[in-house]
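Right, one structure below, let's go through it.
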Amino acid sequence: MAQPQTIPAPITAFTSRRRRQLAVALAVALALALLPLAVADVFVMNILVLTILFASLSQSWNILGGYCGQISLGHAVYFGIGAYVTVALFVDFGILPWFGMLAGAAIAVVLALALGYPCFRLAGHYYTIATIVIAEAALLLVANAEWTGGAVGLQLPFAPDSWATLQFGRTKLPYYYLALGLAVATWIVSWVIEDTRAGYWWRAVNSDIAAAQSLGVNVFRSKMAASAVSAFFTAVAGGVYAFFVSYIDPTSVMSFHISLLISLPAVLGGIGTLWGPALGAIVLIPMGELTRSYFGGTGLGTNLIVYGVLVMAISLLRPQGLVSLVHLFVPRRA
Amino acid sequence: MEGPPLLEVDGVTRRFGSLVANDDVRFTVPRGGLIGLIGPNGAGKSTLFNLIAGVFAPSAGRIVFDGTDITRLPAPARCALGIARTFQVVRSFNAMTVLDNVLVGALVRDADTRAARFRAHEMLVFTGLDGRARALAGELTSPEKRRLEMARALATRPKLLLLDEVMAGLTPTEAREGIELVRRVRASGITVIMVEHVMEVVMPLVDHAIVLDLGRVIASGRPDAVVRDPRVIESYLGAGHA
């Protein structure tokens with residue numbers, strides 16, 4: 001085969017698939033950017049912001065849980081750190097949230113590496129159990145610390161609307177675009193990672209550790225790197241969330257419920273896929289909000305029962321995740 | 001061209017509790033050689049294979065590869081030095097495409113995914129799997145999966161390729177194709193050690209055979225000489241047949 005110019009068919013197919021993914025993402029982002037023009041209702045706007053924010057969070061979780069296969073049920077730690085550090089730096093020292101979020105993200109990365117160092121030597125389910133335990137311990141620490149305001153939490157002071165301080169009293173629209181920007185960023189990061197050496201190594205580690213090692217993959221370092229990237233974006237989203245709700249306490253940003261809301265969309269939407277986290281969030285977050293507003297008033301936890309039944313129905317009907325619905329319309333080519 | 005051997009296994013012993021799986025095993029593998037490692041079930045072939053690949057370290061003894069003492073090196077570092085392997089029970093990355101499976105192997109030499117992808121495709125052509133490049137590895141038939149393991153290992157540009165029972169479970173036609181593939185690998189300058197349980201498969205192919213029994217090397221030499229060795233016949237058929 002003395003034709004160095006011809007590119008093999010599987011490689012051109014791969015390249016055009018990557019371009020298609022980017023084109024679809026661009027179209028989705030544009031549509032979402034225009035969506036607020038059609039939405040005036042405050043309740044709906046609130047759900048939209050939460051949905052997009054948790055799509056972004058689950059996309060960050062997916063980097064560690066989906067690609068590298070390390071299932072964390074303690075991501076609320078990174079989320080909470082992002083929220084608390086951003087708010088505390090602003091309230092106590094007047095540091096703008098833009099810098100506060102970066103500080104929170106940096107601390108989350110350091111923590112992810114410090115926790116990963118012992119925990120990534122644990123196999124499979126033991127890692128997951130460790131993340132739950134660590135998150136519960138962190139919740140107690142935060143609830144009893146002074147700089148976090150203890151169980152009472154932290155409240156942002158009232159201030160004039162400003163992009164510098166990310167304070168907006170009259171409209172939620174700026175938070176919508178902030179969440180959308182973050183979601184686009186985490187999607188692009190995932191898309192880039194998918195075609196990097198690290199990205200392939202992470203998926204190899206996820207699939208078969210012994211085979212990955214035989215091909216020169218450093219398993220421990222792969223898990224550490226995936227964990228750091230994942231923690232970084234989770235903490236940034238925590239900062240955005242804190243300024244969106246303007247009041248945080250330990251249970252609202254660091255409870256097990258938050259860890260579930262971060263991981264479930266990716267799991268239900270399609271773990272380790274590019275669109276799974278977003279699809280999962282689109283279904284799960286509004287479903288959670290709507291069941292709460294329709295069934296939440298009974299005081300019997302009806303909303304949680306309805307929510308749980310719906311989650312089980314999706315996982316039974318679509319065990320490969322919601323993204324597999326696409327194959328009903330677009331057949332997979334082999 | 002003799003030169004120093006590519007691999008030197010020097011008095012290697014491996015114990016699992018009170019079981020001695022490998023007992024003072026010593027042999028050398030010349031550059032460009034095609035070596036068969038054979039023996040009955042439980043002879044310690046797989047243990048020796050895993051010691052060379054770096055799955056675990058020996059209890060005693062030394063392994064030297066290409067002038068470097070690799071006795072304590074973990075598997076990924078050995079891959080970087082130029083040792084590649086296949087697995088007896090295939091270990092494909094099932095959710096990834098065939099091309100991406102091989103790409104993982106190519107990335108150890110090349111951080112640029114585009115260049116590595118071309119390299120991976122070449123390996124698929126070499127092993128005759130290029131028609132299946134876009135399929136998921138989990139969709140392959142089991143002989144195809146064996147080829148995939150070869151392609152993936154070759155993509156790491158090894159100096160030494162360890163093949164663990166690659167012919168097991170193949171039909172005679174598939175085995176013939178497999179043998180042809182091993183010959184082409186060897187012709188490309190890669191040293192090969194193949195572990196096989198079935199003697200008929202290896203003997204016509206290799207230029208040197210090492211026979212293990214109960215963890216010890218009981219015979220070593222040209223395949224035609226080894227098969228006539230009374231100790232070898234006895235280990236396979238039991239006492240009284242020699």
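The values are calculated or read from the model by the stated rules, or taken from the named source; none is laboratory data. Just so you know, these numbers come straight off a predicted model, no measurement behind them. Here the Cβ positions follow ideal geometry from the backbone for every residue, glycine too, while neighbour counts run over all protein chains shown.
Would you call residue B:159 more than 8 Å from chain A (Cβ to nearest Cβ), under 17 Å from residue B:191 (Cα atoms) and not polar (S, T, N, Q)? Spelling it out, residue B:159 is indeed more than 8 Å from chain A (Cβ to nearest Cβ), under 17 Å from residue B:191 (Cα atoms) and not polar (S, T, N, Q). Remark: pairs (first residue in the range A:318-334, farther than 12 Å from residue A:267 by Cβ and at pLDDT 65 or above; second residue exposed (fewer than 10 other Cβ atoms within 10 Å of the Cβ) and of a type outside the set (Ser, Thr, Tyr); Cβ separation under 8 Å; 6+ apart in sequence or on different chains) are absent. How many of the residues in the range A:28-53 are polar (S, T, N, Q) and at pLDDT 95 or above? Summing the residues that are polar (S, T, N, Q) and at pLDDT 95 or above in the range A:28-53 gives 1.
Residues that are more than 9 Å from chain A (Cβ to nearest Cβ) and among the aliphatic types (A, V, I, L, M) within the range B:66-77 comprise B:70, B:73, listed in sequence order.
Residues of the range A:280-323 being small (Gly, Ala, Ser), buried (at least 16 other Cβ atoms within 10 Å of the Cβ) and part of a helix (DSSP H, G or I), which ones? Selection gives A:280, A:281, A:288, A:296.
Residue A:93 meets the stated requirement of being more than 14 Å from residue A:265 (Cβ to Cβ) and of a type in the set (Phe, Trp, Tyr).
Here residue B:89 does not qualify as closer than 27 Å to residue A:193 by Cβ, among the β-branched types (Val, Ile, Thr) and free of Cβ contacts under 8 Å to residues at least 60 places away in the same chain. I'm checking my understanding of the structure. Among residues of the range A:201-222 that are in contact with a Lys or Arg (Cβ under 9 Å, 6 or more places away or on another chain) and touching a residue at least 24 places away in the same chain (Cβ under 8 Å), which one is nearest to the other protein chains (Cβ to nearest Cβ)? Across the range A:201-222, the extreme among qualifying residues is A:207. Under the condition of being closer than 20 Å to residue A:249 by Cβ and either exposed (fewer than 14 other Cβ atoms within 10 Å of the Cβ) or at pLDDT below 90 (or both), the residues counted in the range A:115-140 number 2.
On inspection, residue A:88 fails the criterion of being in contact with a strand residue (DSSP E or B) (Cβ under 8 Å, 6 or more places away or on another chain), small (Gly, Ala, Ser), buried (at least 24 other Cβ atoms within 10 Å of the Cβ) and at pLDDT 95 or above. Note on the range B:213-228: among residues that are assigned to a strand (DSSP E or B) and within 18 Å of the chain's Cα centre (by Cα), the one that is nearest to residue B:45 (Cα to Cα) is B:217.
Got a sec? Which of B:80, B:135, B:84, B:95 is modelled with pLDDT under 95, at the interface with another protein chain (Cβ under 9 Å from one of its Cβ atoms) and within 26 Å of residue A:11 (Cα to Cα)? Testing whether each residue is modelled with pLDDT under 95, at the interface with another protein chain (Cβ under 9 Å from one of its Cβ atoms) and within 26 Å of residue A:11 (Cα to Cα) leaves just B:95. Give the range B:98-115 a look and list any residue that's closer than 9 Å to residue B:155 by Cα, buried (at least 20 other Cβ atoms within 10 Å of the Cβ) and more than 8 Å from chain A (Cβ to nearest Cβ), or say none. Hits for the range B:98-115 are B:102, B:106. Considering A:65, A:116, A:100, the condition of being on the phi < 0 side of the Ramachandran plot, small (Gly, Ala, Ser) and within 15 Å of the chain's Cα centre (by Cα) is satisfied by A:65 alone.
Within the set of pairs 6 or more residues apart or between chains, which connect a residue that is in contact (Cβ under 8 Å) with a residue 24 or more places away in the chain and under 24 Å from residue A:39 (Cα atoms) inside the range A:157-175 to a residue that is polar (S, T, N, Q) and in a loop (DSSP other than H, G, I, E, B) with Cβ atoms less than 9 Å apart? Correct list of pairs: A:167/A:246. For the range A:1-17, filtered to residues that are more than 9 Å from chain B (Cβ to nearest Cβ) and not in a helix (DSSP H, G or I), the residue that is modelled with the highest pLDDT is A:6. Only one of the numbered conditions (1) facing chain A (nearest Cβ under 9 Å); (2) among the aliphatic types (A, V, I, L, M); (3) assigned to a helix (DSSP H, G or I); (4) within 21 Å of residue A:218 (Cα to Cα) is violated by residue B:151, and that is (1). Residues of the range B:176-215 that are more than 14 Å from residue B:36 (Cβ to Cβ) and surrounded by fewer than 17 Cβ atoms within 10 Å (Cβ to Cβ): B:176, B:177, B:180, B:184, B:187, B:188, B:189, B:214.
Among the listed residues A:220, A:244, A:233, identify the single one that is aromatic (Phe, Trp, Tyr) and under 26 Å from residue A:321 (Cα atoms). Working first, answer last.
Values: A:220 fails: under 26 Å from residue A:321 (Cα atoms); A:244 fails: under 26 Å from residue A:321 (Cα atoms).
Testing whether each residue is aromatic (Phe, Trp, Tyr) and under 26 Å from residue A:321 (Cα atoms) leaves just A:233.
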